[in-house]
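Engineer: Below is a structure I'd like to ask you about.
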Amino acid sequence: MYPQGSFRLGTVIRPNTPTGEYDIDLVCRLPITKESTTQAELKERVGRMLRAFMRWKQQQGHDDGPASCKATRRCWTLGYPDDGFHLDVLPTIPDLEKPPTGILLTDKQLHEWQHSNPIGYATWFQTRSQLDRHLVEAKRHPNVADVPDWDTRSTLQRLVQILKWHCMLYFVDDPDNRPPSILVTTLAARAYTGQRDLYIGAREVLSRMGDFVENRDGKLWVPNPAHEEENFADKWNEYPERRAAFVHWHNDLSALLDDLARLQGKGLKVLATRLSESFTPEAIERSVQVYGERRRRQTVTGAHRMGVGGLLTTTGTGPRVRPHTFYGQHPHPRG
């Protein structure tokens, strides 16, 4: 049993749903061959295990067990409503044609076994993240091993979180046309070229994402980098309106970043107002407060220096910016 998806990649975002539940994806891999079972048998076998686990928790009087166990198209969903999350457990077996981490998974709507490789994908995504050399240097710090992996996030991880956050809010009233998280994540990771600055990286990624949508024999194709035969854009061929919805979302976010560039120099309040039109206003307000307090501390401690072109910087070059007292040279007003 191991995690897959955003929790494994370090790109999870807070859900914008009435319940606010986090969706945690797990893989349950049984070491058996496809010749020894069927999709339906595998799905039911894992379901029996999970239902037995839930009953055992209840019989033992444990209050940390799942409240429900329900079958979905591919998974079994264990509900933990009091704890704010649910687990989607995916029944799988090894894909002997794609060792060592390839898997075959069940799907009640499809006759053939479906291929995937979550571990291989996570390894590929980590490699893309390490194009940010600053992250690589941070991971070499002797204390990093003492803290969770994602206390230091790469620019790519944070960039994907922003794309997913905007996408979630953009499609809040049209969830059927919302692009899958794995599709957005893959296109962003392919388009990322190592920028450390989050804003510059986002603009670059948005400008290049379309370059990685292939046309294979008339079908739109975004291959899984860990399994080229898996197409993350398969639904675009069945439902062209979903491709159109993706383009509209992409253009909306690109327009937002263009607006922010034009508003540079207009002040933090103006930028925050524009961001609040596309993101959660409360989150933007909290970020502005944190940013303002950090800038205040940097000024008070003398960390701010004047950089090239008159821009404030915290690097070690340029004249130091003196703290503002707002009442001239004297520490107290004259009596």
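Engineer: What number comes out for the charge environment of Leu256, summing +1 per Lys or Arg and -1 per Asp or Glu over other residues with Cβ under 9 Å away?
Structural biologist: In short, -3.
Engineer: Let me ask another. Could you please state, rounded to a whole Å, how far the C-alpha centre of region 1-76 is from the C-alpha centre of region 254-298?
Structural biologist: 39 Å
Engineer: For a protection proxy built on the mean count of beta-carbon atoms within 10 angstrom, sort 245-257, 52-64, 24-36 highest first, please.
Structural biologist: Packing proxy ranking, top to bottom: 245-257, 24-36, 52-64.
Engineer: Quick one: dipole size for region 1-116, taken about the Cα centre, charges +1 on Lys/Arg Cβ and -1 on Asp/Glu Cβ, in debye to the nearest 20. Please list the in-between numbers first.
Structural biologist: Values: 15 positive and 15 negative charges, 43 e Å.
It works out to roughly 200 debye.
Engineer: For region 1-116, what D do you get in µm² per second when you plug the Kirkwood radius from alpha-carbon pairs into Stokes-Einstein at 20 °C and 1.002 mPa s?
Structural biologist: Rounded, D is 141 µm²/s.
Engineer: Next question, about the same structure. If I take all pairs of Cα atoms in region 215-265, what percentage of them are more than 14 Å from each other?
Structural biologist: Percent of Cα pairs beyond 14 Å in region 215-265: 64.
Engineer: Then there is this: Sort largest first and round to whole Å: the equivalent ellipsoid semi-axes of region 167-267, each the square root of five times a Cα gyration tensor eigenvalue.
Structural biologist: 26, 17, 11
The numbers here are math on the coordinates, done by the rules we state, and not lab data. Note that this is a predicted model, so its numbers are computed, not measured. Don't worry about glycine lacking a Cβ; one is built from the backbone with ideal geometry, like all the others, and counts go over all protein chains shown.
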